[in-house]
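Below is one structure, written out as structure tokens; the observations come after it.
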Amino acid sequence: MRPCLFFFLPLALLTLALPVFAAPEPWGLSLQAASSPVAHKIHDFHHLLIYLIFFIAFFVLGLLLYVTWRFRASKNPVPSKTSHNTLLEIIWTGIPVLILVAIVVPSMRLLYFTDVAPDTAFTVKVTGHQWYWQYEYPDHGGVGFDAYMIEEKDLKPGQKRLLDVDNPLVLPVGTKIKFILTSADVIHSWAMPALAIKTDTIPGRLNETWTLIEKEGTYYGQCSEICGVGHAFMPIVIKAVSPEAFDLWIQEKGGKLPSKTPSKDL
């Protein structure tokens, strides 16, 4: 795996040792392992919906089988003339309402949790271009760089085709980070499945999201908006390192360390 050109040797050795924590796998099933508070909550909500879906599917299947057996023609040659059943109508109205409430309450809580950014340690600005990403650290003296996909002919052993980039986004673990996202040309979408981030970058508009990476490692994502012929060649790579290694990297890039006062929302 080729290290970022901005790394000096000791830090390069640190990052090269990082495991690939979240990446697409051949014939992979289910969600990537969650590595942020938002991702954990989204996975929990996903599991809740799966349980509800299975309950509804098996209940309806059981009901159909019972009705097929109980009211078959050989057992009921003369069909019932019943047209109304108050209790039954209350039940089949009340149960769907309860199911919707069971979905709406955690859904709204999750939307609020993901949408309202808490006090964060620093901000990263993400700008989408056709077809690469530009990253800036405004709280670290304006450190910034572009991230292009590594061409297949330039791949080194261990690097992932169509996923690795020349300059990964380096972030510290255990730190609340705010992302400000925009675009220089068309609509892109900055998506990182393991962190449950999928936010559009829109020209002339600033979108906001946040994360807290729980584990060190390499995380892979891609643009999730059909943004043109190069859409499939806009991968996202995050290298999550310790806060100490991140501070060293910022200093090596010529940046400065921000104050410990959390940044406020725009």
Taking segment 132-142 and the residues there that are over 14 Å from Leu181 (Cα atoms) and surrounded by fewer than 19 Cβ atoms within 10 Å (Cβ to Cβ), the one that is modelled with the highest pLDDT would be Gly141
Residues in segment 18-43 that are closer than 29 Å to Ile95 by Cβ and surrounded by 13 or more Cβ atoms within 10 Å (Cβ to Cβ) total 4
The residue that is surrounded by the fewest Cβ atoms within 10 Å (Cβ to Cβ), considering only those in segment 178-217 that are touching a Leu at 6+ places or on another chain (Cβ under 6 Å) and assigned to a strand (DSSP E or B), is Asn207
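Residue-wise test of (1) under 22 Å from His129 (Cα atoms); (2) modelled with pLDDT of 95 or more.
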| residue | (1), (2) |
| --- | --- |
| Arg161 | yes, no |
| Leu169 | yes, yes |
| Ile180 | yes, yes |
| Ile202 | yes, yes |
| Gly217 | no, no |
| Pro235 | yes, yes |
| Lys239 | yes, yes |
Those residues of segment 148-163 which are in contact (Cβ under 8 Å) with a residue 12 or more places away in the chain and surrounded by 11 or more Cβ atoms within 10 Å (Cβ to Cβ) amount to Tyr148, Met149, Ile150, Gln159, Lys160, Leu162, Leu163
With the condition kept exactly as written, say whether any residue in segment 248-262 is in contact with an Asp or Glu (Cβ under 8 Å, 6 or more places away or on another chain) and modelled with pLDDT of 95 or more. no
Review point. Can we say Leu61 is aliphatic (A, V, I, L, M), more than 26 Å from the chain's Cα centre (by Cα) and exposed (fewer than 14 other Cβ atoms within 10 Å of the Cβ)?
Key: yes
For segment 104-126, pairs from a residue that is surrounded by fewer than 18 Cβ atoms within 10 Å (Cβ to Cβ) to a residue that is of a type in the set (D, E, K, R) and in a loop (DSSP other than H, G, I, E, B), with Cβ under 9 Å and 6 or more apart or across chains, are Val116/Asp265; Asp119/Lys264; Asp119/Asp265
(message) Kindly evaluate Thr123 against the criterion of being in a strand (DSSP E or B) and touching a helix residue (DSSP H, G or I) at 6+ places or on another chain (Cβ under 7 Å).
(response) yes
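The values are calculated or read from the model by the stated rules, or taken from the named source; none is laboratory data. Predicted model, so just to flag it, every value in this text is computed and none were measured. So basically every Cβ, Gly included, is an ideal-geometry build from the backbone, and we count neighbours across all protein chains shown.
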